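Take a look at the structure below.
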Amino acid sequence: FVTEASVVISNTGDRGFETDPADRAAGPVPRSFPARLTRLLFARWQAGAAPVSVFPTELLSGNGCALRRLVLAIGADWELGAGFASYVGETCRFANSLVDRIVPEALEPIGAVAEPYALWAIGRQDGLLLPCAHPQMVITDDLPRYARLKLFFLNLGHSYLAQRWHDEGRPADETVRAILEDPAVAAGLCALWEEEVQPVFDALGLGAEARSYRATVLERFRNPFVEHRLADIHTNHAAKKRNRMAPVVALAEQRGLACRQERLRAMLAAG
(Lines give C-alpha, C1' and ligand atoms only; values in the text may rest on other atoms or scores of the structure.)
Protein backbone atom coordinates (compact mmCIF):
# COMPACT_ATOMS: atom_id res chain seq x y z
CA PHE A 1 0.00 0.00 0.00
CA VAL A 2 2.82 2.43 0.85
CA THR A 3 4.08 2.45 -2.73
CA GLU A 4 0.83 1.69 -4.56
CA ALA A 5 -1.37 4.52 -3.28
CA SER A 6 -1.58 7.53 -5.57
CA VAL A 7 -4.21 9.60 -3.74
CA VAL A 8 -4.74 10.42 -0.05
CA ILE A 9 -8.09 11.81 1.13
CA SER A 10 -8.58 12.98 4.72
CA ASN A 11 -11.59 14.00 6.78
CA THR A 12 -10.29 14.09 10.33
CA GLY A 13 -12.69 16.59 11.92
CA ASP A 14 -12.32 19.99 13.53
CA ARG A 15 -9.15 19.12 15.45
CA GLY A 16 -7.66 16.77 12.90
CA PHE A 17 -4.68 18.95 12.03
CA GLU A 18 -3.50 19.20 15.63
CA THR A 19 -0.05 17.68 16.17
CA ASP A 20 1.38 15.72 19.09
CA PRO A 21 4.96 16.49 20.22
CA ALA A 22 5.34 12.85 21.29
CA ASP A 23 5.05 11.64 17.68
CA ARG A 24 8.40 10.59 16.25
CA ALA A 25 9.81 9.30 12.98
CA ALA A 26 10.27 5.78 14.38
CA GLY A 27 8.55 3.68 17.01
CA PRO A 28 4.80 3.49 17.72
CA VAL A 29 2.27 4.66 15.15
CA PRO A 30 1.92 8.44 15.58
CA ARG A 31 -1.20 9.71 17.29
CA SER A 32 -1.78 12.74 15.06
CA PHE A 33 -2.90 12.59 11.45
CA PRO A 34 -0.22 15.01 10.12
CA ALA A 35 2.50 12.83 11.66
CA ARG A 36 0.99 9.66 10.21
CA LEU A 37 0.88 11.27 6.78
CA THR A 38 4.51 12.36 7.18
CA ARG A 39 5.50 8.77 7.97
CA LEU A 40 3.63 7.52 4.90
CA LEU A 41 5.19 10.06 2.57
CA PHE A 42 8.66 9.46 3.99
CA ALA A 43 8.30 5.71 3.39
CA ARG A 44 7.21 6.41 -0.20
CA TRP A 45 10.15 8.73 -0.77
CA GLN A 46 12.58 6.17 0.63
CA ALA A 47 11.09 3.51 -1.67
CA GLY A 48 11.39 5.78 -4.71
CA ALA A 49 7.61 5.76 -5.23
CA ALA A 50 5.78 8.34 -7.33
CA PRO A 51 4.45 11.45 -5.58
CA VAL A 52 0.85 11.47 -4.37
CA SER A 53 -2.01 13.94 -4.56
CA VAL A 54 -3.41 14.76 -1.12
CA PHE A 55 -7.02 15.95 -0.75
CA PRO A 56 -7.84 17.19 2.77
CA THR A 57 -11.53 17.95 3.25
CA GLU A 58 -11.34 19.36 6.78
CA LEU A 59 -13.24 22.63 7.18
CA LEU A 60 -10.21 24.90 7.22
CA SER A 61 -9.39 27.67 4.77
CA GLY A 62 -6.50 26.61 2.58
CA ASN A 63 -6.53 23.12 4.06
CA GLY A 64 -4.14 21.68 1.47
CA CYS A 65 -1.58 24.42 1.97
CA ALA A 66 -1.93 24.10 5.75
CA LEU A 67 -1.42 20.33 5.69
CA ARG A 68 1.65 20.62 3.48
CA ARG A 69 3.18 23.15 5.89
CA LEU A 70 2.54 20.77 8.78
CA VAL A 71 4.17 17.83 6.99
CA LEU A 72 7.18 19.95 6.09
CA ALA A 73 7.48 21.19 9.68
CA ILE A 74 7.27 17.67 11.08
CA GLY A 75 9.82 16.48 8.54
CA ALA A 76 12.19 19.25 9.59
CA ASP A 77 11.65 18.45 13.27
CA TRP A 78 12.38 14.78 12.58
CA GLU A 79 15.44 15.73 10.49
CA LEU A 80 14.23 13.76 7.47
CA GLY A 81 16.40 15.77 5.11
CA ALA A 82 16.24 18.18 2.20
CA GLY A 83 15.42 15.44 -0.30
CA PHE A 84 12.24 14.54 1.54
CA ALA A 85 11.33 18.22 1.90
CA SER A 86 11.67 18.64 -1.87
CA TYR A 87 9.52 15.54 -2.46
CA VAL A 88 6.73 16.92 -0.26
CA GLY A 89 7.00 20.56 -1.20
CA GLU A 90 7.66 20.31 -4.93
CA THR A 91 6.45 16.99 -6.34
CA CYS A 92 3.52 15.90 -4.17
CA ARG A 93 0.32 17.86 -4.67
CA PHE A 94 -1.76 19.14 -1.76
CA ALA A 95 -5.18 20.29 -2.95
CA ASN A 96 -7.26 22.90 -1.19
CA SER A 97 -10.75 21.42 -1.23
CA LEU A 98 -14.20 21.73 0.30
CA VAL A 99 -16.95 19.17 0.79
CA ASP A 100 -20.51 20.47 1.13
CA ARG A 101 -22.69 17.65 2.38
CA ILE A 102 -24.52 16.98 5.64
CA VAL A 103 -23.44 13.59 7.03
CA PRO A 104 -25.11 13.24 10.44
CA GLU A 105 -24.07 9.75 11.50
CA ALA A 106 -21.91 6.77 10.73
CA LEU A 107 -23.08 3.29 9.81
CA GLU A 108 -21.25 0.26 11.19
CA PRO A 109 -19.04 -1.41 10.13
CA ILE A 110 -18.47 1.14 7.38
CA GLY A 111 -20.55 3.85 5.73
CA ALA A 112 -22.60 6.87 6.71
CA VAL A 113 -26.04 8.44 6.52
CA ALA A 114 -25.92 11.40 4.14
CA GLU A 115 -28.27 13.82 2.44
CA PRO A 116 -28.77 13.73 -1.36
CA TYR A 117 -27.10 17.13 -1.86
CA ALA A 118 -23.36 16.88 -2.50
CA LEU A 119 -20.55 19.10 -3.69
CA TRP A 120 -16.78 18.59 -3.67
CA ALA A 121 -15.02 21.76 -4.80
CA ILE A 122 -11.29 21.41 -5.49
CA GLY A 123 -8.84 24.19 -6.18
CA ARG A 124 -7.27 23.83 -9.60
CA GLN A 125 -3.53 23.18 -9.83
CA ASP A 126 -1.17 21.61 -12.32
CA GLY A 127 -0.23 17.97 -11.78
CA LEU A 128 -3.17 17.13 -9.53
CA LEU A 129 -4.29 13.51 -9.85
CA LEU A 130 -8.03 13.31 -9.21
CA PRO A 131 -9.34 10.24 -7.34
CA CYS A 132 -12.38 9.91 -9.61
CA ALA A 133 -14.74 11.76 -11.93
CA HIS A 134 -18.18 12.70 -10.61
CA PRO A 135 -20.90 15.24 -11.55
CA GLN A 136 -20.74 16.76 -8.06
CA MET A 137 -16.99 17.42 -8.28
CA VAL A 138 -16.04 20.96 -9.30
CA ILE A 139 -12.49 21.97 -10.21
CA THR A 140 -12.34 25.70 -9.67
CA ASP A 141 -10.06 28.73 -9.73
CA ASP A 142 -12.29 30.40 -7.10
CA LEU A 143 -12.50 27.99 -4.18
CA PRO A 144 -13.05 30.80 -1.60
CA ARG A 145 -16.42 31.52 -3.24
CA TYR A 146 -17.68 28.01 -2.48
CA ALA A 147 -16.06 27.97 0.95
CA ARG A 148 -17.64 31.23 2.09
CA LEU A 149 -21.12 30.17 1.04
CA LYS A 150 -20.91 26.91 2.96
CA LEU A 151 -19.08 28.27 5.99
CA PHE A 152 -21.14 31.43 6.47
CA PHE A 153 -24.58 29.97 5.78
CA LEU A 154 -24.63 26.22 6.42
CA ASN A 155 -21.94 25.89 9.09
CA LEU A 156 -22.65 29.25 10.74
CA GLY A 157 -26.34 28.33 10.74
CA HIS A 158 -25.57 25.05 12.45
CA SER A 159 -23.58 26.85 15.15
CA TYR A 160 -26.36 29.39 15.69
CA LEU A 161 -28.88 26.58 16.18
CA ALA A 162 -26.49 24.73 18.50
CA GLN A 163 -26.11 27.90 20.57
CA ARG A 164 -29.89 28.27 20.87
CA TRP A 165 -30.19 24.58 21.79
CA HIS A 166 -27.59 24.92 24.52
CA ASP A 167 -28.64 28.28 25.95
CA GLU A 168 -32.33 27.39 26.09
CA GLY A 169 -31.77 23.97 27.66
CA ARG A 170 -33.67 22.22 24.90
CA PRO A 171 -34.09 18.41 24.67
CA ALA A 172 -30.83 16.48 24.65
CA ASP A 173 -31.70 14.57 21.47
CA GLU A 174 -33.17 17.51 19.54
CA THR A 175 -32.24 17.67 15.86
CA VAL A 176 -31.78 20.53 13.41
CA ARG A 177 -35.08 19.71 11.76
CA ALA A 178 -36.91 19.60 15.09
CA ILE A 179 -35.58 22.91 16.42
CA LEU A 180 -36.61 24.65 13.19
CA GLU A 181 -40.19 23.64 13.88
CA ASP A 182 -40.07 26.35 16.57
CA PRO A 183 -41.15 29.51 14.66
CA ALA A 184 -39.04 31.77 16.89
CA VAL A 185 -35.88 29.79 16.19
CA ALA A 186 -36.53 29.61 12.44
CA ALA A 187 -37.21 33.34 12.33
CA GLY A 188 -34.05 34.03 14.33
CA LEU A 189 -31.90 32.02 11.95
CA CYS A 190 -33.36 33.71 8.87
CA ALA A 191 -32.93 37.15 10.44
CA LEU A 192 -29.31 36.39 11.30
CA TRP A 193 -28.58 35.33 7.73
CA GLU A 194 -30.44 38.27 6.18
CA GLU A 195 -29.21 41.05 8.44
CA GLU A 196 -25.68 40.00 9.41
CA VAL A 197 -24.40 37.63 6.70
CA GLN A 198 -26.16 38.54 3.46
CA PRO A 199 -24.77 42.13 3.40
CA VAL A 200 -21.25 40.68 3.23
CA PHE A 201 -22.12 38.69 0.10
CA ASP A 202 -23.90 41.69 -1.40
CA ALA A 203 -20.67 43.65 -0.93
CA LEU A 204 -18.69 40.84 -2.58
CA GLY A 205 -20.98 40.90 -5.62
CA LEU A 206 -22.44 37.49 -4.76
CA GLY A 207 -25.81 38.61 -3.42
CA ALA A 208 -28.08 36.64 -5.76
CA GLU A 209 -26.01 33.49 -5.49
CA ALA A 210 -25.99 33.76 -1.69
CA ARG A 211 -29.78 34.13 -1.50
CA SER A 212 -30.26 31.09 -3.71
CA TYR A 213 -27.78 29.02 -1.72
CA ARG A 214 -29.21 29.89 1.68
CA ALA A 215 -32.71 28.93 0.51
CA THR A 216 -31.27 25.55 -0.43
CA VAL A 217 -29.59 25.27 2.98
CA LEU A 218 -32.86 25.90 4.81
CA GLU A 219 -34.51 23.17 2.74
CA ARG A 220 -31.63 20.82 3.55
CA PHE A 221 -31.93 21.60 7.27
CA ARG A 222 -35.60 20.59 7.12
CA ASN A 223 -34.98 17.27 5.34
CA PRO A 224 -37.27 14.79 7.21
CA PHE A 225 -34.87 11.91 6.53
CA VAL A 226 -31.79 13.53 8.09
CA GLU A 227 -31.59 13.29 11.89
CA HIS A 228 -28.75 15.69 12.66
CA ARG A 229 -28.40 15.99 16.43
CA LEU A 230 -27.60 19.40 17.83
CA ALA A 231 -25.56 17.80 20.61
CA ASP A 232 -23.16 16.52 17.94
CA ILE A 233 -22.98 19.92 16.25
CA HIS A 234 -22.26 21.58 19.61
CA THR A 235 -19.03 19.57 20.01
CA ASN A 236 -15.99 21.92 19.93
CA HIS A 237 -18.51 24.74 19.82
CA ALA A 238 -16.18 27.62 20.74
CA ALA A 239 -13.64 26.72 18.06
CA LYS A 240 -16.37 26.25 15.47
CA LYS A 241 -17.82 29.68 16.24
CA ARG A 242 -14.45 31.36 15.80
CA ASN A 243 -13.97 29.62 12.46
CA ARG A 244 -17.48 30.29 11.17
CA MET A 245 -18.42 33.69 12.61
CA ALA A 246 -15.25 35.72 13.13
CA PRO A 247 -14.41 35.82 9.38
CA VAL A 248 -17.88 37.24 8.59
CA VAL A 249 -17.37 40.01 11.12
CA ALA A 250 -13.87 40.68 9.78
CA LEU A 251 -15.11 40.89 6.19
CA ALA A 252 -17.86 43.34 7.18
CA GLU A 253 -15.27 45.53 8.91
CA GLN A 254 -12.92 45.37 5.91
CA ARG A 255 -15.75 46.43 3.60
CA GLY A 256 -16.91 49.19 5.95
CA LEU A 257 -20.45 47.81 6.07
CA ALA A 258 -23.08 49.49 8.21
CA CYS A 259 -24.55 46.26 9.63
CA ARG A 260 -23.69 45.97 13.33
CA GLN A 261 -23.73 42.15 13.46
CA GLU A 262 -24.76 42.24 17.11
CA ARG A 263 -25.85 38.60 17.24
CA LEU A 264 -22.60 37.30 15.76
CA ARG A 265 -20.51 39.48 18.07
CA ALA A 266 -22.50 38.36 21.12
CA MET A 267 -22.05 34.68 20.26
CA LEU A 268 -18.32 35.18 19.73
CA ALA A 269 -18.00 37.06 23.01
CA ALA A 270 -19.72 34.17 24.81
CA GLY A 271 -16.68 31.96 24.08
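Below, the figures for the structure above:
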quantity	calculated
Residue satisfying condition, being touching a Cys at 6+ places or on another chain (Cβ under 9 Å) and of a type in the set (A, V, I, L, M), within set V113, V71, V103, V138	V71
Sole residue being within 18 Å of R214 (Cα to Cα) and either open to solvent by 20 Å² or more (accessible area, probe 1.4 Å) or among the aromatic types (F, W, Y) (or both), chosen from A121, A147, A186, A172	A147
Residues of the stretch 198-213 satisfying the condition of being open to solvent by less than 30 Å² (accessible area, probe 1.4 Å) and either without any contact (Cβ under 8 Å) to a residue 24 or more places away in the chain or of a type outside the set (A, V, I, L, M) (or both)	Q198, F201, G207, Y213
Hey, D23 farther than 23 Å from A239 by Cα, of a type in the set (D, E) and touching a helix residue (DSSP H, G or I) at 6+ places or on another chain (Cβ under 9 Å) or not	yes
The listed residue being at pLDDT 95 or above and assigned to a loop (DSSP other than H, G, I, E, B), out of L156, L128, L151, L98	L128
Test: residue in the stretch 239-247 that is assigned to a helix (DSSP H, G or I), over 19 Å from G188 (Cα atoms), open to solvent by 70 Å² or more (accessible area, probe 1.4 Å) and at pLDDT below 95	yes
Selected residue [farther than 30 Å from F225 by Cβ, hydrophobic (A, V, I, L, M, F, W, C), open to solvent by 40 Å² or more (accessible area, probe 1.4 Å) and more than 17 Å from the chain's Cα centre (by Cα)] from A112, A47	A47
Of all residues making up the stretch 50-84, the number that are small (G, A, S) and either loosely packed, with under 15 Cβ neighbours inside 10 Å or touching a Lys or Arg at 6+ places or on another chain (Cβ under 9 Å) (or both)	8
Test: residue in the stretch 15-26 that is surrounded by 20 or more Cβ atoms within 10 Å (Cβ to Cβ), among the acidic types (D, E) and outside any helix (DSSP H, G or I)	yes
Residues being in a helix (DSSP H, G or I) and more than 17 Å from E219 (Cβ to Cβ) - total across the stretch 161-182	6
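The values are calculated or read from the model by the stated rules, or taken from the named source; none is laboratory data. All values reported here derive from a predicted model rather than from experimental measurement. We place every Cβ from the backbone using ideal geometry, glycine too, and count neighbours over all the protein chains shown. Keep in mind that these areas ignore ligands, DNA and RNA; they rest on the heavy atoms of the full protein, side chains included. Shrake-Rupley method; radii C 1.70, N 1.55, O 1.52, S 1.80 Å.
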